[in-house]
Amino acid sequence: MKRRNFIKKASVTGLGLVAASSLISCKEDKEKAVPASTKSAIKPLVIATWKTDLAVETAAKVLEDGGNALDAVEQGCRIEEANEKGQSVGKGGLPDRDGDVTLDACIMDSKGNYGAVLGVKEIKHVISVARKVMEDTPHVMLVGEGAKKFAISKGFEPENLLTEASKKAWEKWKEKSEYKPIINIENHDTIGMLAIDKNGDISGACTTSGLAYKMAGRVGDSPIIGGGLFVDNEVGGASATGLGEEVLKTVGSFLIVELMRQGKSPQEACEEAIGRIVNKPGKNFKDFQVGYIAVNKQGETGAYSIHEWFSYNIYKNKENKNIKSDFYNKA
Ligand code: ASP
């Protein structure tokens, strides 16, 4: 069967499954579909978008030392936020069209708690600010100036996030002054990370500077629950990278976790989520990239993207590897 048809068929079958599962009682549904948490899982485990070996190694060390999944994903993401060479996360991120670096991040713990910050200027470790929102406020999301003010009140130091290299790239982009936000489909990008700790609990985190040269105020999927990240400790977790508008329109990470709840493997769930994007009538997916990673409660993983170039790092059985994901657009 051709891949395109396969994905179309998978979407239809997926719908059938949803309809069927809603007919059975919640109790039966739970017994049938949710992976039994007593089943032996591969742990500890870390999976993250792109070639993020140092970040994954850092998260894995937290887990191997007995730390929990939440600390692991936070510590892992902080590595990329501090890496000035990565131009799509934290310090050194490419700015918006006005030359401002604005960061988005979110985090989810194994109890289903969520915290996020959107459009934050001058604070590098937004993943840690998102965690503070989750743990120290009655809210789930803080935006812009309010988020920055909150971060400063928690001891985060403001600093200039626009590096010389990113400033130069922005100045070059301005010469053309054409508004076409750039999705970097070939290289390192937003980091989404999922971890399972020694207790088998899952947490996730996602941090980004968003689309390069975006309109001021634009926010993508990365800090939005169910878009760039979703974790349900009973089932698994998923995270996204790529054109956030497309991820959000299909609530991609939530979709993947719900498909896994209904019995799909992480790989099948990622493929169907990409199918939901590319199979929309008239969708010109040639110009943008979306990639997903997922893990279930047993530590089975999956990854899939629209185009080639997407890779992910995975720490499993004490080994950290970068792996190219399978992808849709093979023609
Ligand atoms: N998903 C991010 C966004 O849309 C960008 C990316 O992953 O490149 O903001």
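The values are calculated or read from the model by the stated rules, or taken from the named source; none is laboratory data. Quick caveat, the model's predicted, so the values are computed rather than measured. Neighbour counts are summed over all protein chains in view; Cβ atoms, including those assigned to glycine, are modelled from backbone coordinates with ideal geometry. Only protein heavy atoms, including side chains, enter the accessible area calculation; ligands, DNA and RNA are left aside. Shrake-Rupley method; radii C 1.70, N 1.55, O 1.52, S 1.80 Å.
Structure values in brief
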read-out: The range 46-191 - convex hull of the alpha-carbon atoms, volume per residue in Å³; value: 116
read-out: Heavy-atom accessible area order for ILE225, ILE314, largest first, 1.4 Å probe; value: ILE225, ILE314
read-out: Accessible area of the range 88-151 divided out per residue, in Å², using a probe of 1.4 angstrom; value: 35
read-out: Over the range 125-179, volume per residue of the alpha carbon convex hull, in Å³; value: 104
read-out: Rounded to the nearest 10 Å², the accessible area of ASP326 at probe 1.4 Å; value: 60
read-out: Solvent-accessible area per residue for the range 269-329 (1.4 angstrom probe, square angstrom); value: 38
read-out: Within the accessible area of the range 275-328 (1.4 Å probe), percent carbon and sulfur; value: 47
read-out: Overall Cα dimensions of the range 197-331 - principal axes, largest extent first, Å; value: 42, 35, 29
read-out: Cross-link pairs beyond the 20 Å C-alpha cut-off, checked among LYS124/LYS316; LYS249/LYS321; LYS214/LYS324; LYS51/LYS321; value: LYS124/LYS316; LYS249/LYS321; LYS214/LYS324
read-out: Charge tally in the Cβ shell below 12 Å around GLY244, where Lys, Arg are +1 and Asp, Glu are -1, GLY244 excluded; value: -2
